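S.K.: Sending over a structure as structure tokens; questions will come in a sec.
The values are calculated or read from the model by the stated rules, or taken from the named source; none is laboratory data. Quick caveat, the model's predicted, so the values are computed rather than measured. As a convention, Cβ positions derive from the backbone with ideal geometry for all residues, glycine included, and neighbour counts pool all protein chains shown.
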Amino acid sequence: MTIYALRLQPGEDPKAALDIFTQVHQLKAACVLTCVGSLRKAVLRFANQEQTLTLDGHFEIVSLTGIFSMHGGHYHIAIADGEGRTYGAHLMDGSEVYTTAEIVLISLNQYQFLRTIYPKTGYPELDIHPNS
């Protein structure tokens, strides 16, 4: 197991940054351990919806979770606005960090995560393989 820590700067896209980090470090199987920070723009896809929703404002990142590799990722985020309303959804490309996003990742060296189209859902789902 290898642990990484990174801090995203204002304006960075969290999903894109994680995807780039994954490619640069050639991560074969990883997950988000924790994340704290804030967004000024959140691009979300809610459960069972095809379209995305963009929220502009100031949001605290309450939770960020994800399973990912060089073959793709699946991220969920929970954010809270200034009134405490919380939104949870798929994190999509285009979100922007407000002040910071402090993220700790774990790379699971004994596995390789692939994304394979699963016939029952039609989506690329997690396909777990032992690392040889």
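S.K.: So which of LEU8, LEU18 ends up being closer than 23 Å to PHE113 by Cβ, surrounded by 14 or more Cβ atoms within 10 Å (Cβ to Cβ) and in contact with a helix residue (DSSP H, G or I) (Cβ under 8 Å, 6 or more places away or on another chain)?
M.R.: So the residue among LEU8, LEU18 that is closer than 23 Å to PHE113 by Cβ, surrounded by 14 or more Cβ atoms within 10 Å (Cβ to Cβ) and in contact with a helix residue (DSSP H, G or I) (Cβ under 8 Å, 6 or more places away or on another chain) is LEU8.
S.K.: Does segment 26-33 contain at least one residue that is in a helix (DSSP H, G or I), closer than 27 Å to LEU114 by Cα, out of contact with any Lys or Arg (no Cβ under 6 Å at 6 or more places or on another chain) and among the aliphatic types (A, V, I, L, M)? Break it down into steps so the answer makes sense when it comes.
M.R.: Initially, segment 26-33 is screened for residues in a helix (DSSP H, G or I), giving none.
No, that holds for no residue.
S.K.: Moving on to the next point. Among the candidates ILE67, ILE61, ILE106, which residue alone is among the β-branched types (Val, Ile, Thr), under 16 Å from LEU8 (Cα atoms) and at pLDDT 95 or above?
M.R.: When all the criteria are applied, what remains is ILE61.
S.K.: Only residues that are of a type in the set (Gly, Ala, Ser), outside any helix (DSSP H, G or I) and within 15 Å of the chain's Cα centre (by Cα): list them for segment 1-25, please.
M.R.: Going residue by residue through segment 1-25, those that are of a type in the set (Gly, Ala, Ser) are 5, 11, 16-17.
Now narrow it down to the ones that are outside any helix (DSSP H, G or I): 5, 11.
Across segment 1-25, the qualifying residue is only ALA5.
S.K.: Return yes or no: is TYR75 closer than 17 Å to LEU6 by Cα and modelled with pLDDT of 95 or more?
M.R.: Yes; evaluated as a whole, the condition is true for this residue.
S.K.: Can you say whether THR116 is farther than 24 Å from LEU6 by Cβ, modelled with pLDDT under 95 and in a strand (DSSP E or B), as far as the supplied structure shows?
M.R.: yes
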